[in-house]
1. Look at the range B:62-75 and say how many of its residues are within 11 Å of chain A (Cβ to nearest Cβ) and closer than 16 Å to residue B:160 by Cβ.
2. Of all residues in the range A:146-203 being touching a Ser or Thr at 6+ places or on another chain (Cβ under 6 Å) and farther than 30 Å from residue B:72 by Cβ, which is modelled with the highest pLDDT?
3. Does any residue of the range B:171-181 turn out to be out of contact with any Phe, Trp or Tyr (no Cβ under 6 Å at 6 or more places or on another chain), modelled with pLDDT under 95 and in a loop (DSSP other than H, G, I, E, B)?
4. Within the range B:6-24, restricting attention to residues that are of a type outside the set (D, E, K, R) and outside any strand (DSSP E or B), which residue is modelled with the highest pLDDT?
5. Quick check: anything in the range B:131-144 exposed (fewer than 15 other Cβ atoms within 10 Å of the Cβ), over 21 Å from residue B:192 (Cα atoms) and within 13 Å of chain A (Cβ to nearest Cβ)?
6. Within the group A:41, A:35, A:3, which residue is farther than 30 Å from residue A:250 by Cα and out of contact with any Pro (no Cβ under 6 Å at 6 or more places or on another chain)?
7. Checking the condition more than 14 Å from chain B (Cβ to nearest Cβ), surrounded by 14 or more Cβ atoms within 10 Å (Cβ to Cβ), touching a Leu at 6+ places or on another chain (Cβ under 8 Å) and among the basic types (Lys, Arg), which residue from A:212, A:188, A:161 passes?
8. Scanning for something buried (at least 17 other Cβ atoms within 10 Å of the Cβ) and either of a type in the set (Asp, Glu) or modelled with pLDDT of 90 or more (or both), does the range B:218-225 turn up at least one residue?
Amino acid sequence: MSLATREAFNGFRRSPVLSVLSIMTIAFSLYAFGLFGLVALNIRAALAQVEDRVEIRAFVADGTTAEATSTAAGDIGAFPEVQSVTFVTSEEALERARKDLGEFSDVFEAGILPASLDVQLKPGFRDPATVKAVADRLKTYDFADDVRYGEEWVQKLYRIRNIATLAGIVLGLAFAGVAVIIIGSTIRMAVLARAREIAIMRLVGATDGFIRSPFLIDGAVKGTLGGVLALALTWVSFSLITRFVITAQFFDVRLVIAGVAAGAVLGFIGSALSVSRHLRNV
Amino acid sequence: MIRFTRVTKEFPRTGVALREVSFHVARGEFVFLTGPSGAGKSTILKLCYLDARPDAGEVRVAGTSSVAIRGNDVPKLRRKLGVIFQNFRLLEDRTVEANIGFALEVTGAPADSIAPKVARLLTQVGLASKATAFPSELSGGEQQRVAIARALANDPVLVIADEPTGNLDERATRGVFQLLRDINAAGTTIVMATHDLDLVKRANCRTLELNHGSLVFDSGAAMLAGAPLAEGST
């Protein structure tokens, strides 16, 4: 084992209380970040589900031949924004309306609802401007009697989405900033606790790079352990919320790995900043 | 080995610590630095191991100039020097042998060379039986011997000692001083700051006396205290 690695682990052995406190501090700041991430993730997932329902319905005019409708459907299906086009017959429309309206299902009679082409857009093309543009193009077709897509609803959805994204970025950066500051301060304590050792290392001719390396390993290890602990806390919170409050979605494996890696990176950066500051000042 | 040329050093809080000090220490000399507290003794020593840089003038130590040296080269210079202090500066949570081995490890000595070297150094300072003791289990004199062994770990050409006997009783002082004389006899240059005028008188070594940041006496140049110095030096 290299001296730097040994020294890093000796740091844990020599001041276990400080080390545990450091790990806990890192864990709790990442836990706060994790909870926020979980909320952001679920809001995003909920919005994505709603977004999936954005569709344009082009009602087929009476007297339009099946062939003309089919040609138009193929034509529309080739639009770059369009994910799928579904032909809904008058009967299917009635069936759907009955299902949606439950106890009022008997108010409709056969033939009252027109057939339609239901156009679903690809993700990324569901913003109000694109939806409107596609709807306008559909209106130019002869078969289209009327084209509807819930303009106000789409606009509201996008406003909420934009606010959620902006709030996510701002709060996320704030949480990350706080985490970096807390982790940096925590590691600074570890650096100060070993100031004597650092002074002796410098005195006997150790290079700054050499002095720094055990602290960088120390920071990365504490960051990783803090990240794992934060993950466990987030998981427990998630389980409780899912069980007692609302069914939610947890981070996928990639995000879990990224979260723990972020702990390691934050620990590493916090250490690097603290040690460099200390070395500059002594 | 050491050459100070019109060196001035000022600290922001305490003001001028050294004023146009010039002197030369040849290889193999044993030189005392004396003077009252605040005279500039420790500043001279710090300048020698480049823990501080002169504001004006030049310090040359072991072939390295304070003017030309780059920050990355300071560790290289320090590997040629051994530094000891009044308060020993040992790592309390490590054994005697670990304290000495530490100096070798952090300067990249081959792992298999460390144990035999530490054993040799401990024998040299008379502490072969205390290898596994912790500093707190040793007397002040013994702790200073450990610090000396650590200072010798990288085979320095110059040992810088800042009041090494300041915390020791008379017997321990004699022992530590004799050890430094032996090291000097083996060819290592030694500069030692001290308040102990009895020790200085008994030792009959060259003495540089400082007062208020100026060099006021250099027994090597047979000058008297208070005599005018042509360039504040030598």
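1. Within the range B:62-75, the subset within 11 Å of chain A (Cβ to nearest Cβ) is B:71-75.
Restricting the remaining residues to those that are closer than 16 Å to residue B:160 by Cβ gives B:74-75.
Qualifying residue count, the range B:62-75: 2.
2. Among those that are touching a Ser or Thr at 6+ places or on another chain (Cβ under 6 Å) and farther than 30 Å from residue B:72 by Cβ, it is A:182.
3. no
4. It comes out as B:12.
5. no
6. Of A:41, A:35, A:3, the one residue that is farther than 30 Å from residue A:250 by Cα and out of contact with any Pro (no Cβ under 6 Å at 6 or more places or on another chain) is A:3.
7. A:161
8. Yes, some residue in the range B:218-225 is buried (at least 17 other Cβ atoms within 10 Å of the Cβ) and either of a type in the set (Asp, Glu) or modelled with pLDDT of 90 or more (or both).
The values are calculated or read from the model by the stated rules, or taken from the named source; none is laboratory data. Predicted model only: the values in this text are computed from it and were never measured. Here Cβ is always computed from backbone atoms with ideal geometry, including for glycine, and neighbour counts include all displayed protein chains.
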